[in-house]
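Taking it in order: structure first as C-alpha cells, then the write-up.
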Amino acid sequence: MAQIAITVNGRSYQVECDEGQEDHLVRLADYVDQRITELVSAMGQIGDARLLVMASLLVADELSDTYAELARAREGMGEAGQEVELGDALADNVETLAARIEDIAARLDHP
C-alpha cells in the first residue's frame with residue numbers, strides 16, 4: 001500500500017491507496033478540493049463536515065446526470081447496435097466469399 005498526502009479545504013490528510021494509484025487519487029482529491037472551494041466562495045466556511053456533505057451531494061448529482069446520459073446513449077445504441085451486428089454479419093460473409101474466391105484462384109493457378 002502506498003501512502004500519500006492530499007489537501008482538501010486547506011487541511012492535509014494522509015491517505016492509503018494501491019501502488020500505482022497515487023496520481024489518480026491526487027486528481028480525485030484536487031477535484032473534491034475544487035468543489036469545496038466553490039462552495040466556500042458561495043457560502044463561506046460553514047464547517048468541514050457540512051462542506052464535505054455538500055460537495056459529496058454535488059458530485060453524486062454529477063454522477064447521476066452522467067448515468068442518465070449513459071442510459072440515453074445506450075438506448076440510442078439499440079438501433080445502432082443492430083446495424084453494427086448486421087454490418088459484422090455482412091463483413092463475415094464477405095470474408096468467407098473472399099476466402100472461397102482465393103481458393104478457386106489458387107486451384108486455377110495450380111491445376
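Below are the figures for this structure:
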quantity: Likely footprinting exposure, Met54, Met43, Met1, fewest C-beta neighbours within 10 Å first; calculated: Met1, Met43, Met54
quantity: Cα point-scatterer Debye curve for segment 1-55, base-10 log of I(q)/I(0) at q = 0.17, 0.24 Å⁻¹; calculated: -0.54, -0.89
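Since every read-out is calculated from the coordinates, none of them should be taken as a lab result. These numbers come from a predicted model, not from an experiment. Every residue, glycine as well, gets a Cβ built from its backbone with ideal geometry; the counts of neighbours run over all protein chains shown.
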